[in-house]
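What follows is a set of notes on a single structure, which appears directly below.
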Amino acid sequence: MTSTVSLKAPFAPGGAFELDRERCRKLLEVALRKGGDAADVYAEFAVGGSMVLEEGIVKSASRGVSVGVGVRVRKGEAAGYAYTEDLAWESLVRAAETAAQIAQGGDVAPQDVAEKHIPSRYPVTTPSLLVSGLDKRELLLRADRAARAEDPKITRVEASVAESYREVVIATSAGVYARDVQPMLRFGVRVIAERDGKRQAGSSGGGGRVGMEYFSRPGKSPEEHAKEAVRSALAMLDAREAPAGEMEVVLAPGDSGVLLHEAVGHGLEADFNRKGVSNYSGRVGKPVASELCTVVDDADVAFGRGAVNVDDEGNIPNKSVLIENGVLLGYMHDAHSAKHFGVAPTGNGRRESFRSVPMPRMTNTLLLAGSSDPEEIVRSVEKGIFARRFGGGQVDIASGDFVFSIAEAYLIENGKITAPLKDVNLIGNGPEALSKVTMLGNDMQISDGIWTCGKDGQSVPVGVGCPTIKISGMTVGGTDVAKR
């Protein structure tokens, strides 16, 4: 394996524009000269790349580098923000002075900046960006060959890898100085199966804050991902039209957590509750779900896609219990919302890049396991839907109403999973769905690193997870509904 890129940030120790504690303290002094309540500096060096293989040929490959520094000044409920891609000291000072315009009213001195010890939740042995393109192409070719060898009905294969490596420095007027290095890798395989004029797609993928060692883990090789993509595509070739109406629904463990993320998790982000637009506003201490449900946001998931050692405001996130035994305990906070509610930040202040202001965002959002055997859950359903793999969806955060398409679904008849179904949509309300959870499996799974969350124009990597879930009633929109 050959090195292909330097991963040393220009503001790192010994770099041309080193942002040590003293330089950060001086920059914070500039930011607070007009009397802001608080200020922070966020420096980012990011290297990213991707490669896509179609029909055995590399159709696209990219590599990019981004570097910049953002300065934020908070004054009451307002904030001023400015960033620069020029790391010269004069440019950094101009950014700080621009952000400071939000405040008028006297010089404020920041606290002395001290190095903050942060945990190590994703120690990577071999960052993928240090591996040659030929080696990564071979991973894609292995997936391509394995998928085609699996079944002659596979007529098209696409494999891809996306990777990034970020180094960040965060300094705050509260005296925090923290550094973190954040790797990211995502591998995916998508296939098309054809038979008798029918075509179905299947996919599989994974990754997280991992390096090349990911592919040596059980079930994570290119061949295993190819095999899973083929299985899904072939299964759906026999799919029949889905029934419609109110019925019991069983959600598979792992990726089904995306429903929790979208329909419930966003409503628990504190900025929506600070503004009073969430379904959960003003309900802390009250029942909001079935007593079986405990929901946490946990940044401390080793190598998880949503794992972070330190959030983008310099706070160390851990496990935040949001709902416990059905009762709402609290929200996910950044520094702004935490001050508003008079609580400590939960370490959920995240941003897409140095060009963006931080806001409350999820990390790894999980519905914890119950005590039921997954097979027992399926046996308890006389007629319903088993949702194995989710597609896209839409959610209204204020009401919690959602519509999700199911990429792979099956009919449950007399306690057995039977026919595959096509064009299945789940329609419901997040809090209402959680209140109808009647069984939770003992098979908790965390999704294998594929999800990205969008909010207010910013995208960040996240993780989801859950056990097998039985919901006593949910509206299933089948083919006959879609045709109306």
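Read-outs: derived from the displayed coordinates by stated rules, not from any lab. Quick caveat, the model's predicted, so the values are computed rather than measured. Note: ideal-geometry Cβ built from the backbone for every residue, glycine included; neighbour counts use all protein chains shown.
Decide, for segment 168-278, between rounded, prolate and oblate: order the square roots of the alpha carbon gyration tensor eigenvalues as a ≥ b ≥ c, take rounded if a/c falls under 1.5, and otherwise choose prolate if a/b is larger than b/c, else oblate. Each step should come with its number before you reach the end.
Values: a/c = 3.53, a/b = 1.42, b/c = 2.49.
Oblate.
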Convert each backbone phi in segment 343-357 into a coupling constant with the Karplus relation 6.51 cos²θ - 1.76 cosθ + 1.60 (shift: θ = phi - 60°), then list the ³J(HN,Hα) values in order as whole Hz, x for Gly and Pro.
10, 7, x, 8, x, 9, x, 10, 9, 6, 6, 5, 7, 10, 7
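Given segment 21-237, what percent of its DSSP beta bridges are antiparallel, to the nearest 5?
Numbers: 67 of 69 bridges.
Within segment 21-237, antiparallel bridges account for around 95 percent of the total.
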Distance from the Cα centre of segment 262-294 to that of segment 355-377, in angstrom?
14 Å
Given Cβ charges of +1 for Lys and Arg and -1 for Asp and Glu, the option among 468, 438, 393 whose Cα lies farthest towards the positive end of the dipole of segment 357-484 is 393
Let's see if you can work this out: charge +1 on each Lys and Arg Cβ, -1 on each Asp and Glu Cβ, no other charges. What is the dipole magnitude of the chain about its Cα centre, in debye to the nearest 20?
500 debye
Hey, what's the Cα Rg ratio for the chain versus the globular rule of thumb, 2.2 N^0.38 Å?
1.04
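So what is the 222 nm mean residue ellipticity for the chain from helices alone, if each DSSP H run of at least 4 adds -39500 (n - 2.57) and you divide by all residues, rounding to the nearest 500 deg cm²/dmol?
Value at 222 nm, helices only: -5000 deg cm²/dmol.
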Set of lysines near residue 339 by C-alpha distance (under 19 Å), chain-local residues within fewer than 8 positions excluded
75, 275
Under a point-charge model restricted to the Cβ atoms of Lys and Arg (+1) and Asp and Glu (-1), what is the dipole moment magnitude of segment 182-270 relative to its Cα centre, in debye to the nearest 20?
420 debye
Checking the cross-link filter: which lysines have an alpha carbon closer than 26 Å to that of residue 383, excluding same-chain neighbours under 8 positions apart?
416, 422, 436, 470, 483
Normalising by the residue count of segment 167-319, find the relative contact order in percent from Cα pairs under 8 Å and 6+ residues apart.
22 percent
For residue 302, placing the label point 7 angstrom along Cα-to-beta-carbon and taking segment 197-222, residues whose amide nitrogen sits under 17 Å are 207-220
Residue 62/residue 135 FRET efficiency (R0 22 Å; Cβ-Cβ; nearest 0.05):
0.85
Rough spin-label spacing in nm, given labels placed 7 Å along Cα→Cβ, for residue 16 and residue 126
3.1 nm
Equivalent ellipsoid, segment 21-237 (semi-axes from 5 times Cα gyration tensor eigenvalues, Å)
48, 17, 15
Would you mind computing Rg(Cα) / (2.2 N^0.38 Å) for segment 245-482, counting N as its residues?
0.98
